[in-house]
């Protein structure tokens, strides 16, 4: 059966199956109580639930364990969808919620030992290069046609998923199924930016209009303008800050930079979804997608002038424009701070925080009618950035089945993975967590109705611009080993223990040490690293086009802003 067939045709085939009465009673109760909004009709929903009931028959009574990081979307899955799936199918699901770094650690343990730690993982698509090279994850393209065919939903409708390009290897095979996606955007206080006094004062001081910054020079001016500003004329009391970030030496500091900060500065090459041959980690690959270096001496860019610029700006802004406590915060600790009402803008803001930005804890940034005083927009780019380069990061937490998981356990877990991403539940799940994976969900009328309350999130995901935000790509051959190097070295720069150049020199050398070990071990075969010989960095900086780029004489550019309403109109057009 063609798994990309239309919803109506696929479900028409399923609805003829005789219902298992007790299970359908549970399914109907679940639909009545929880699924108020869906891309499917009620008849289609019941038909999809009937398919799950029938497909789960061989696995009834099994205890299946899956894991994901702790974000609102996955909390909804663990607390609402997992119990419903158990009641409907008879498969007992334990959905563990742990830190993102812990998810990667558990996955790495399973890869190294072959022990079945979990039956399925929701791990970032940032690991696509790892899964493709090591071949320890089941490639889902072959799985759905082979061992997983009997448990693959005929209404899975892969064409409806918006992030499959992020989870597909260079071999054209799908290795992961997206479960949630969120982008890294620019967040700002629309009310502060459109206040007449603020606008007039900014124009008088800086000579151009206060608006959404297009480049880092404008962002810095705006940060300087708002930091310490008296906003009592807006009935906003307390210390005001023009920037928010975090700096604690913690695993979350690593993805603060690998999640495209360096690309936003302009470190890598042009190319979408990731720069080629040099990506946002500064790793260069050859024409066969094999890593050949990270340091400038081998053609990489991790310690290049553009990378140093990126780190220096991060440290400067953290010290000068963010709340003093931010330097000691982690990602999760810093996330709620803008909702407290004292922050004017944040360059590096994950839309996963949207759900927290519209709740009771965010009253300081909401109008009396519940609409937001804030908006989100594309992040500005650095002075080394050029057209055609990656503009930002998009997280794609995705279901992954390891080959070391016994077949029946993998089949049962695959049913759960499809249940929580199904067209029946996805609209409701997206309203709970505000992370989108399906086109049909983004286009649902309920999000048209809710758009004004979400500060530009719906407009962004309905715009063509969304495809320019992407996760880590296939240049990274071993995400778990390489990712841990970033937070340790960037932490040294953040704390002032080392200069940006010193920290990045250490980082690129350590990355190359991992790449060299992989090359010697040969564990990735013809897909693994083949390191370039080191040579004078001037060769790569001055004689080879593209990244790594030579240092600019002036790393400040003319600041540029754009009106938010003008920006939104361009998306809608």
request  = State yes or no: is residue 167 buried (at least 16 other Cβ atoms within 10 Å of the Cβ), closer than 30 Å to residue 45 by Cα and either free of Cβ contacts under 8 Å to residues at least 12 places away in the same chain or out of contact with any helix residue (DSSP H, G or I) (no Cβ under 9 Å at 6 or more places or on another chain) (or both)?
outcome  = no
ask   = If you check residue 488 against the conditions, is it in contact with a helix residue (DSSP H, G or I) (Cβ under 6 Å, 6 or more places away or on another chain) and surrounded by fewer than 21 Cβ atoms within 10 Å (Cβ to Cβ)?
value = no
query = Regarding residue 427, is this residue assigned by TED's automatic domain parsing to the domain that holds residue 29 and more than 20 Å from residue 378 (Cα to Cα)?
reply = yes
task = Just give me the residues in the range 137-166 being in contact with a strand residue (DSSP E or B) (Cβ under 6 Å, 6 or more places away or on another chain) and under 30 Å from residue 521 (Cβ atoms), in sequence order.
result = 137, 140, 141, 166
task = From (1) modelled with pLDDT under 95; (2) in contact with a helix residue (DSSP H, G or I) (Cβ under 9 Å, 6 or more places away or on another chain), pick out the condition that doesn't hold for residue 237.
result = (2)
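So that you can scan it fast, the table gives a plain yes or no per residue for (1) in a helix (DSSP H, G or I); (2) buried (at least 22 other Cβ atoms within 10 Å of the Cβ); (3) out of contact with any helix residue (DSSP H, G or I) (no Cβ under 7 Å at 6 or more places or on another chain):
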site: 397; (1), (2), (3): no, yes, yes
site: 411; (1), (2), (3): yes, yes, no
site: 414; (1), (2), (3): yes, yes, no
site: 430; (1), (2), (3): yes, yes, no
site: 435; (1), (2), (3): no, yes, no
site: 448; (1), (2), (3): yes, no, yes
site: 459; (1), (2), (3): yes, no, no
remark   = Scanning the range 112-139 for residues that are touching a helix residue (DSSP H, G or I) at 6+ places or on another chain (Cβ under 9 Å) and surrounded by fewer than 20 Cβ atoms within 10 Å (Cβ to Cβ), the one nearest to residue 407 (Cα to Cα) turns out to be 116
task = Any chance you could count how many residues in the range 337-353 are more than 20 Å from residue 69 (Cβ to Cβ) and either outside the structural domain of residue 229 (by TED's automatic domain parsing) or under 12 Å from the mean Cα position of the chain (by Cα) (or both)?
result = 0
query = Applying the selection to the range 513-526, what residues are modelled with pLDDT of 95 or more and touching a helix residue (DSSP H, G or I) at 6+ places or on another chain (Cβ under 7 Å)?
reply = 514
ask   = Within the range 323-335, can one find any residue that is modelled with pLDDT of 95 or more, in contact with a strand residue (DSSP E or B) (Cβ under 7 Å, 6 or more places away or on another chain) and either surrounded by fewer than 23 Cβ atoms within 10 Å (Cβ to Cβ) or assigned by TED's automatic domain parsing to the domain that holds residue 227 (or both)?
value = yes
request  = Give the residues of the range 514-543 that are assigned to a loop (DSSP other than H, G, I, E, B) and surrounded by 13 or more Cβ atoms within 10 Å (Cβ to Cβ), sorted by residue number.
outcome  = 523, 524, 528, 529, 530, 531, 532, 534
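Scan the range 293-307 residue by residue and report those that are assigned to a helix (DSSP H, G or I) and more than 13 Å from residue 489 (Cβ to Cβ).
Applying the first criterion (assigned to a helix (DSSP H, G or I)) to the range 293-307 yields 296-298, 305-307.
Within the range 293-307, 296, 297, 298, 305, 306 qualify.
The values are calculated or read from the model by the stated rules, or taken from the named source; none is laboratory data. These figures come from a predicted structure and were not determined experimentally. Glycine gets a Cβ as well: all are built from the backbone with ideal geometry, and neighbour counts include every protein chain shown.
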